[in-house]
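FYI, it's all coordinate maths here, none of it is from the lab. Worth saying up front: this structure is predicted, and the values here are computed from it rather than measured. When we count neighbours, we look across all protein chains shown, and the Cβ atoms used for this are built from the backbone with ideal geometry, even at glycine.
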Amino acid sequence: MSHLIAPSVLSADFANLQRDVEMINKSEADWFHVDVMDGMFVPNISFGFPVIKAIKKHAEKPLDVHLMVADPDRYLQQFKEAGADNLTVHLEACTHLHRTVQAIKALGMKAGVAINPHTPVNLLVDIIEEVNIVLVMSVNPGFGGQKFIENTYHKIASLRDIIRSTKSKAIIEIDGGVDMNNYKKLIDAGASALVAGNTVFSSANPSQTISELKNSKSHL
């Protein structure tokens with residue numbers, strides 16, 4: 001399977017959001033990655049339901065919504081109604097993770113679980129067969145433009161072993177610091193989806209950058 005590219009709209013130009021959404025529509029991107037931050041789970045606030053609904057109105061590709069929020073169970077139905085196709089919650093934010101994952105799937109969305117840089121992948125062993133996506137944070141969540149954490153490669157390798165041993169169908173998504181210098185290595189390590197924010201939207205030609213990210217083949 002070819003890897004997926006999910007441009008992060010958090011890095012888009014919010015004064016020209018429809019223009020950037022249409023650029024992603026016409027590009028080789030696979031998903032719109034939408035980061036939701038509540039100022040509690042992470043030290044930043046992004047956007048809520050009205051902006052997601054506005055993106056959904058024009059988006060021609062699935063919305064990959066990443067909740068960096070405390071107690072996400074409160075909002076699952078609302079994110080479904082706002083247009084989320086994939087909904088990823090943080091392991092660290094869920095007291096009853098299995099129940100949360102089942103609730104997301106019952107609403108008709110693909111369920112993802114995210115882990116912070118300090119969280120070991122073996123904590124996912126008991127949930128890995130239930131989820132569609134494991135999102136590995138390769139920076140500390142909360143702000144764009146941070147430096148990539150090199151230990152991510154080891155986490156991907158460990159996660160691949162867990163997925164194989166459990167026969168899980170989960171894909172590995174990497175979020176944070178993905179750029180033109182490390183994306184090929186991430187794919188080779190076993191990543192199936194790459195979130196790219198600043199790398200895409202700070203580019204002189206965002207659509208071409210998406211194409212470059214998309215068309216690198218794994219050497220595995």
- Counting sequence-distant residues (5 or more places) and residues on other chains, those with an amide H built under 5 Å from that of G48 are none
- N181 and S158 label points (each 7 Å along its Cα→Cβ direction) are spaced in nm at 2.5 nm
- Query: Once phi is turned into ³J(HN,Hα) by the Karplus curve 6.51 cos²θ - 1.76 cosθ + 1.60 with θ = phi - 60°, what whole-Hz value does each residue of the stretch 106-123 show in order, with x for glycine and proline?
  - Reply: 5, 7, x, 9, 6, 9, x, 10, 9, 10, 6, x, 8, 8, x, 5, 5, 5
- Label H96 and D71 with points 7 Å out from Cα along Cα→Cβ: what is the distance between them in nm? 1.4 nm
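How large is the convex hull of the C-alpha atoms of the stretch 4-214 per residue, in Å³? Could the numbers behind the result be given before it?
Values: hull volume 22.7 nm³, N = 211.
Considering the Cα atoms of the stretch 4-214, their hull volume per residue is 107 Å³.
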- Listed here are the pairs K80/K214; K105/K169; K61/K185; K53/K80; which of them are more than 20 Å apart at the Cα? K80/K214; K61/K185
